[in-house]
Amino acid sequence: MSAQEAEQSDRKKYEFRKVIEDLKEYEGSGTQLVSIYVTPGEMISDIVAHVNEEYSEASNIKSKQTRTNVQDALKSIKDRLRYYDTPPENGMAVFSGAIDTGGGRTDMVTRVLEDPPQPIQSSLYRCSSEFVTEPLEQMFADQGLFGLVVLDRREANVGWLRGKRVEPVKSASSLVPGKQRKGGQSAQRFARLRLEAIDNFYQEVAGMANDLMVPERHEIDGVLVGGPSPTKDEFLDGDYLHHELGEKVIGKFDVAYTDESGLSDLVDSAGDALADQAVMQDKAEMEEFFSELHGGDLATYGFGPTRENLVLGSVDRLLISEELRDDVVTYECPDGHTERELVDRRSDTPEHACDECGAEAEAIEREDAIEHLMTIADNRGTETKFISEDFEKGEQLLNAFGGIAGILRYSTGV
């Protein structure tokens, strides 16, 4: 996948996630929120016929308000379906219904999500007090699954690299004696007992890995093994792992620690093997950002400075936290000064006094902060990167830098 295709994919995923998050917030009275999933192979005419049938059936609903709301939702869905001859390549999902807005009032909403990142597997029609979003949410679960094993002759840990997240799962401590034998034991007997203990421990570690990973063997993209030499070499050369896992080992790596932190060290050491995985790409972007922040002059962060650099065309890559959930409000005062402020998406628009003249400013526009910044980035030829918070520097981007940063083409002093 090219950089441009990856950026388009990330943008589409963000837009889908935002709609899904909105849908999850909506509530309706009774069963008046309608969710329809259309698979790629279905006929739109069949879906319309089904909607017409449900519209007729809804006339039997006793509650007048619920009956009206359900029929209005079905009519809205049918109106949207008129624009399609066939479903998009990966299918589509349509949501419509009267949502509660407080004070006994409702507001009709209709959302269409076309061509999700994976094909819709099964059709669905449901009326409920909430929209059905689980099938779409599952498509955005972390992509990429790698088994992790770190071990030395004292301890071992196994776990997952699931997308960008390291998950420790099982651990074990060994009974392998040290290299110094106790008094009264012959050197030959001690060496034999020690080798038996090492073999037993390797079998125990392999058992943990097999129990965890074999059931997922068809979903695993690879297995990484780490530890000091010769431990990891003995473990792999001894064919302790289940043969189907052994075939999926994509590398063995030197790792100093074999406790839970060693799993993260293993992922870092396997950087080249995981070069195509998002976790390493995200880490590389943030490493470059921090390097410029502390020792260069090509880093920018925060909404105001980053936006100003974007407008100047000086930003090479815009770094945005995947967890950023802010809007940007544009204010204008009577003297014509324009200012912008970030606000939480769930908060009301706050009042604002002009920084230049102190006059009360009017909110003239409110829009999604990410879309606002990406629009400027597109117009300036700037690449946008979404950064996970599932590692330390990604978390720092969100919490310490407001979820917005950039790597510059040239220094601007802003």
Check your understanding: Somewhere in the stretch 174-185, is a residue open to solvent by 40 Å² or more (accessible area, probe 1.4 Å) and at pLDDT 85 or above?
Key -> no
**Study point:** Residues (part of a loop (DSSP other than H, G, I, E, B) and either open to solvent by less than 60 Å² (accessible area, probe 1.4 Å) or within 17 Å of I370 (Cβ to Cβ) (or both)) located in the stretch 276-308
**Key:** Q277, G296, L298, G302
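Please work out if L113 is under 18 Å from E25 (Cβ atoms), in contact (Cβ under 8 Å) with a residue 12 or more places away in the chain and of a type in the set (A, V, I, L, M, F, W, C). Quick ask: steps written out before the conclusion?
On the way: under 18 Å from E25 (Cβ atoms): yes; in contact (Cβ under 8 Å) with a residue 12 or more places away in the chain: yes; of a type in the set (A, V, I, L, M, F, W, C): yes.
Here the answer is yes, as L113 does meet what is asked.
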Revision key, fill the gap. Pairing a residue in the stretch 65-85 that is at positive phi with any residue that is open to solvent by 40 Å² or more (accessible area, probe 1.4 Å) and among the aromatic types (F, W, Y), where Cβ atoms lie under 6 Å and the two sit 6 or more apart in sequence or on different chains, gives none
Check your understanding: Just checking, how many residues over the stretch 217-275 are assigned to a loop (DSSP other than H, G, I, E, B), open to solvent by less than 50 Å² (accessible area, probe 1.4 Å) and touching a helix residue (DSSP H, G or I) at 6+ places or on another chain (Cβ under 7 Å)?
Key -> 6
Review point. Any idea which residue in the stretch 321-358 is farthest from E392 (Cα to Cα), counting only those that are part of a loop (DSSP other than H, G, I, E, B) and open to solvent by less than 30 Å² (accessible area, probe 1.4 Å)?
Key: C333
Point to revise | Which numbered condition V311 fails, given (1) in a loop (DSSP other than H, G, I, E, B); (2) of a type in the set (A, V, I, L, M, F, W, C); (3) surrounded by fewer than 18 Cβ atoms within 10 Å (Cβ to Cβ) | key: (1)
Review point. Does M280 satisfy being touching a residue at least 24 places away in the same chain (Cβ under 8 Å) and under 22 Å from the mean Cα position of the chain (by Cα)?
Key: no
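The values are calculated or read from the model by the stated rules, or taken from the named source; none is laboratory data. All figures in this text were calculated on a predicted structure; none of them were measured in a lab. Every residue, glycine among them, receives a Cβ derived from its backbone with ideal geometry; neighbour counts consider all protein chains shown. Areas reflect the complete protein model, heavy atoms only, side chains present, ligands, DNA and RNA absent. Shrake-Rupley method; radii C 1.70, N 1.55, O 1.52, S 1.80 Å.
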